[in-house]
Amino acid sequence: MNPPGALANFRVVRILSGIQPSGALHLGNYFGMMRPAIELQDQGDAYYFIANYHSMTSLFDADERRTNTLDVALDFLACGLDPAKSVFWKQSDVPEVTELAWLLSTLTPMGFLNRCHSYKDKKARLADGDEDKVNHGLFAYPVLMAADILIFDSNVVPVGKDQKQHIEVTRDIAAKFNNQYGETFVIPEPRIREEVAVVPGTDGQKMSKSYGNTIEIFGPEKPIRKKIMSIVMDSRDISEPKPDAEKNTAVQLLKLVAPPEVAKEVEDKLRAGGFGYGDLKKALFEHTWNYFADARKKREDLANNLDYVNQILKAGAEKARVLATKVLDRAKKASGLD
Ligand code: ADP
Ligand code: TRP
């Protein structure tokens, strides 16, 4: 039996992650972030949100944001986010994060933000003369992300590898605040699953909306099949053995959606030679389509029950807001605002 008072000291692990409503979700989002987040909901206190404030740095169409937000809610719930286990909400329904972001920004050296890859990459991809498209929000986005994490006393943040640097910035900002104003924030840890740290897209680079190389989780069969059949392959003859089969993009994706013995058999056939890339891609399509069959059915049901979905987000926001207000008050007291 626990000694008296032991439970009061028992700290639940709080898991938190967010995803932007900036377009249809893809296999990279699913295997890199959503599935790990869904699996973690049994291992602690799970908090997941739709990062609609973040989407404002690069999406400027109000209707599209509204539609994407609902789509992400449907996608996440269909894939297994369980509202009985996880708190799930829309970021802007907990506006306290923007206030905390201001407090944090005053302790964030410009150098931290200048070094962030996400900002540097977006800037580098702009054409000459388009520099104005880099808005302040995009530059300051890691500070808002730090606020998202710190305002819930989060311990663990499941994300894909591209977000690792942002969690490091969050840790640095939290440590600075704690040093300056006394122990206020929990220092979070990233949780990155190595086997899905970078899911490749149809061109072999990291799958990303910004690279136009995605395979969507949901949507009609035809375009998904077409995208899978368009995965770029080398020009070696069908009969040639492929000793480097593990480097093949379709093989890497197949390992995610097919049972291990099936993926191994296909990989072995490629190694031996005589197995064509067309058959490889067909197998990948069948397994991808089947992998999401249950989720697809669930998504249809949810789409016919939007009141229920909106109710989940509203209840999630109410719960999240109670905790956010408590941590924001702690930071305001510590820094002499209250
Ligand atoms: P995108 O690059 O398509 O814009 P986001 O930046 O919105 O995707 O990513 C949302 C979440 O999905 C993040 O946690 C990110 O790390 C993860 N993620 C995105 N693409 C991949 C990928 N190709 N492999 C692994 N994780 C990914
Ligand atoms: N920046 C993340 C992305 O683009 C989304 C995000 C916003 C997030 N706030 C967060 C992820 C807090 C984890 C924790 O994918």
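What follows draws every value from the coordinates through simple rules; no lab data is involved. Since we're looking at a predicted model, the values are computed, not measured. Here the Cβ is made from the backbone with ideal geometry for all residues, glycine too, and neighbour counts use every protein chain on show.
Computed values, structure above
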| quantity | calculated |
| --- | --- |
| Cα gyration tensor shape for region 219-291, rounded if a/c is under 1.5, else prolate or oblate | oblate |
| Highest-fluctuation residue, R115, R14, R65 considered, GNM on the chain with Cα pairs under 10 Å | R115 |
| Sorted peptide list for 228-237, 45-54, criterion being average Cβ within 10 angstrom, highest first | 45-54, 228-237 |
| Spatial separation of Cα centroids for region 55-71 and region 193-260, in angstrom | 27 Å |
| Between 0 and 90°, nearest 10: helix 164-181 axis offset from the chain longest Cα axis | 10 degrees |
| Using alpha-carbon coordinates, inclination of helix 306-334 to the longest axis of the chain, degrees | 50 degrees |
| Protection-proxy order for peptides 148-154, 203-209, each taking the mean of Cβ atoms within 10 Å per residue, highest first | 148-154, 203-209 |
| Compactness index (Cα Rg / 2.2 N^0.38 Å), region 3-125 | 1.25 |
| Cβ charges +1 (Lys, Arg) and -1 (Asp, Glu), total dipole of the chain, debye | 200 debye |
| Cα-centred dipole magnitude for region 121-164, charges only on beta-carbon of K, R (+1) and D, E (-1), debye, nearest 20 | 160 debye |
| Positive dipole terminus of the chain, leading residue within N155, M233, L337 (C-beta point charges) | L337 |
| For region 219-291, size of Cβ-based charge dipole, Lys and Arg +1, Asp and Glu -1, in debye | 320 debye |
| Helix 96-105 axis, angle to the chain major axis (alpha carbon atoms, nearest 10°) | 80 degrees |
| Per residue Cα convex hull volume in Å³ - calculated over the chain | 175 Å³ |
| Part-to-part distance (alpha-carbon centres) for region 294-320 and region 106-123, which is given in Å | 35 Å |
| Options G276, A245, P223, ranked by Cα towards positive dipole end of region 219-291, top entry (Cβ charges) | P223 |
